[in-house]
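What follows is calculated from the coordinates using simple rules that are stated; it is not laboratory data. What you see is a predicted model; the values in this text were computed from it and never measured. Note: ideal-geometry Cβ built from the backbone for every residue, glycine included; neighbour counts use all protein chains shown.
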Amino acid sequence: MNILIIGSGGREHAIADAFARSPKVKKIIVSPGNDGIGGIYECVKLCSHRDIADYCETSRIDLVFVGNEQPVEDGLTDFLRERGLRVVGPSQAAGRIETSKAFAKDLMQRHNVPSARYGKANSADEARSLIAEFGYPVVIKADGLSAGKGVYILEDSTAMEDALGALYSKTDKEGVIVEEFLSGWELSLFAITDGTDFCTTVFSQDHKQLYDNDMGPNTGGMGAVAPLEEGEAYREQIELEIIKPVIDAMREEAYPFCGVLYCGLMITREGPKVLEFNCRWGDPEAEAVLPLLKTDMVEICEAIIEGKISEIRLEWKPGCSVTLVLASRGYPAKPDTGYPIRISDPLESIISYAGVKAGSDCLVNNGGRVIMLTALGKDLMEARKIVYTDAQKIDFDGKYYRGDIGLRSNTFSIGLE
Ligand code: AMP
Ligand code: GLY
């Protein structure tokens, strides 16, 4: 089979690697990909939905996998389906579960899915009065897509004014969501669904803040671990109280979700609550989860398209994975880019290329998150050791990474309530 993957980051690189392990796959093409991925798989730049569909027909693409959320919001999945192509990825209407936080919150409220209390504000003044009602700490979020950077946790009114200033300069008329602050510990779970049935993956955990000990601004994610065994005690409850009602509601409301539903969850003292849904694999969670997957990626995708997910049993390799993000100085605000990337010794970790482009004689950093390194080990500590040793073998000016990926306690801290 020939597979076309849409996207350009570390996640799409990891998705390509997962397809490459299938004996059914002949050729993998990534669009647009990046110059790092281009050293391993063919990358093509296709400028419009029509170009992508034409390319699929002329290059005999058997399956298109849409890796990121922007093309879903832009209607690519619908367009390709109308052209008769086999596509994995939700429709634009179903993608609203990620592309509009207001849509997701309203859906959850209608169907009693546990999540933080919220209100919608269409102006800074409306946001101020909602924040006054909720009290501090409080969370505000841009309604539309913001690459993980539109969420602010506010402790006081100075932080509120800074965040409102930043949000209203970025989000235009889209409005913001004000949310109750949830305390607990976070984890991610992916539901692979054909719109009716679903199967869930191992649990994983992103580390969203920029600095160690979960300090600093939110980012797209600085590292991930899988599997997260502490999640298992909550799996049944999450499937019954969160995933099933959402998938059923979306089908019944005539926008069935088909693809990979990302559930970002907080385990609170009252049980699991939804922080966010995304309409795709997480990044960097995909880099941690997919190398553990033993089940054939093509079989999974065919089951999504053909409505046969009930026949899939996901199988996993033993052991643990740790993904470490190597980021650019200045990320997430203003990444400092253009510096040569040198790799001094062979790596034991899997490398996924994200914000890179070709320089004169080697790759240079070209974005906030540059490289994701993933190590597999018999346990978390072994994987950590491998990934942190390898991180030192890669060098570029301004390279930054967190030192504590995988060290969270995942319990309730004392005095949290
Ligand atoms: P989101 O993009 O909505 O997942 O938010 C990004 C990150 O902000 C989450 O992973 C959490 O760490 C944090 N966050 C979001 N919403 C809340 C909330 N209601 N309470 C506490 N932390 C939150
Ligand atoms: N890891 C967070 C995300 O993919 O949205």
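Based on alpha carbons, the Rg and Dmax found for segment 327-417 are 15.5, 55 Å. On a C-alpha basis, how far is the centre of segment 179-236 from the centre of segment 368-391 in Å? Whole number, if you could? For segment 179-236 versus segment 368-391, the Cα centre distance is 18 Å. Debye-formula intensities of segment 176-259, expressed as log10 I(q)/I(0) at q = 0.26 Å⁻¹, are -1.19 (one equal scatterer per alpha-carbon, no solvent).
So if we plug the beta-carbon distance of Asp361 and Lys294 into 1/(1 + (r/R0)^6) with R0 = 45 Å, what FRET efficiency do we get, rounded to 0.05?
Working: r = 39 Å, r/R0 = 0.86.
That gives a FRET efficiency of 0.70.
Cross-link pairs exceeding 29 Å between alpha carbons, from the set Lys24/Lys399; Lys208/Lys317; Lys317/Lys385; Lys273/Lys385: Lys24/Lys399; Lys273/Lys385. Simple point charges give the picture: +1 on the Cβ of Lys and Arg, -1 on the Cβ of Asp and Glu, and for the chain a dipole about the Cα centre of about 740 debye.
With point charges of +1 on the Cβ of Lys and Arg and -1 on the Cβ of Asp and Glu, referenced to the Cα centre of the chain, which listed residue (Gly150, Ile40, Leu240) lies farthest in the positive direction of the dipole? Working it through, the farthest residue towards the positive pole turns out to be Ile40. Computed extension gain for Glu306 through His111, at 0.36 nm per residue and net of the alpha carbon distance, reaches 67.5 nm. Computed about the Cα centre, the dipole magnitude for segment 321-417 is approximately 180 debye when only Lys and Arg (+1) and Asp and Glu (-1) carry charge, each at its Cβ. Highest mean packing comes first when the peptides 322-332, 103-113, 177-187 are listed by Cβ atoms within 10 Å, giving 322-332, 177-187, 103-113. Summarising the strand pairing of segment 1-51, around 0 percent of its internal DSSP beta bridges are antiparallel. Would you mind calculating the relative contact order of the chain from Cα pairs under 8 angstrom and at least 6 residues apart, reporting the percent as a whole number? Relative contact order comes out at 17 percent.
Would you work out which of Ala163, Ala327, Gln92 lies farthest towards the positive end of the dipole of the chain? Charges go on Cβ: Lys and Arg +1, Asp and Glu -1. Of the listed residues, the answer is Ala327. Legend: ranking of residues His207, His13, His49 from fewest to most surrounding C-beta atoms inside 10 Å; resulting order His49, His207, His13.
For segment 96-150, report the convex hull volume of the alpha-carbon atoms normalised per residue, in Å³, without decimals. Write out the running numbers ahead of the final one.
On the way: hull volume 5.2 nm³, N = 55.
Dividing the Cα hull volume of segment 96-150 by its residue count gives 95 Å³.
Computed extension gain for Glu42 through Glu133, at 0.36 nm per residue and net of the alpha carbon distance, reaches 27.4 nm. Reducing segment 84-116 and segment 151-168 to their Cα centroids gives an inter-centroid distance of 26 Å. Its relative contact order, with pairs defined as Cα atoms under 8 Å and 6+ residues apart, puts segment 73-128 at 22 percent. Rounded to the nearest whole Hz, the Karplus-based 3J(HN,Hα) values (6.51 cos²θ - 1.76 cosθ + 1.60, θ = phi - 60°) of segment 73-88 follow the sequence 4, 7, x, 4, 4, 5, 4, 5, 5, 4, 7, x, 8, 8, 10, 10, with x at glycine and proline. The P(r) of segment 210-261 has a tail past 18 Å containing 58 percent of all C-alpha pairs. With only Cα atoms counted, segment 18-107 has Rg and Dmax values of 14.4, 44 Å. Taking the Cα atoms of segment 239-346, the ratio Rg/Rh between the radius of gyration and the Kirkwood radius comes to 1.05.
What order do you get for 115-121, 352-358, 158-164 when each peptide is scored by the mean count of other beta carbon atoms within 10 Å, highest first? Display every interim value, and only then the final one.
Values: 115-121: 18.6, 352-358: 22.7, 158-164: 16.3.
Highest-to-lowest ranking by the protection proxy: 352-358, 115-121, 158-164.
For Asp345 and Asp54, the FRET efficiency from 1/(1 + (r/R0)^6), where r spans their Cβ atoms and R0 equals 41 Å, is about 0.40. Each of Ser310, Val370, Val113 was placed along the dipole of the chain (beta-carbon charges, centred on the mean Cα), and the one lying farthest toward the positive end is Val370.
Where the only charges are on Cβ atoms (+1 Lys, Arg; -1 Asp, Glu), what is the dipole of segment 224-332 about its Cα centre, to the nearest 20 debye?
Working: 11 positive and 20 negative charges, 68 e Å.
The dipole of segment 224-332 has a size of about 320 debye.
Size of the chain from its Cα atoms: along the principal axes, largest to smallest, the extents are 57, 49, 41 Å.
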